[in-house]
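Take a look at the structure below.
Readers should treat all values here as calculations from the given coordinates under stated rules, not as data from a laboratory. If you're wondering where the values come from, they're calculated on a predicted model, not measured in any experiment. Please note: Cβ atoms are built from the backbone with ideal geometry, for glycine as well, and neighbour counts cover all protein chains shown.
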């Protein structure tokens, strides 16, 4: 995932990539001398990040930090990708146990295939919370509530 993080009040934005944007943001936030804010998260990896760094090289301040105002219109037009929160060890164990029990109790091949497909979706990060997907906003609010 590629993220755009604003250093509030400084006209600076960090363009970076991370597998877990929430953890990366938390680490940056703890070390930052100013308030940070996630502006946008999009699909992509290191190659796309490097391409963006090259595209906006004239606005680079230092390393992955760029002037924000010249980039703001570009960032605002990007589609937003949903963040997927990392699973706790407890959640993974519970899910595996539930999957195993449901798979063992399935009586038909069709039912076993459905359970297997649900497991695939869950393991890709499609965990539903109270019947709906966890959104980036919910993940970040939960993170702030825990601190």
Query raised in the report: Between residue 75 and residue 96, how many nm apart are label points set 7 Å from Cα along the C-beta direction?
Result: 4.0 nm
Requested in this report: At 7 Å along the Cα-to-beta-carbon direction for both residue 10 and residue 60, put a label point, then send me their distance in nm to one decimal.
Outcome: 1.8 nm
Query raised in the report: If the chain between residue 42 and residue 112 were fully stretched, how many nm would it gain, using 0.36 nm times the residue separation less the Cα-Cα distance?
Result: 21.7 nm
Report summary line: Taking every C-alpha to C-alpha distance in region 1-84 and binning by 5 Å from 0, the per-bin percentages run 3, 15, 28, 28, 20, 6, 0
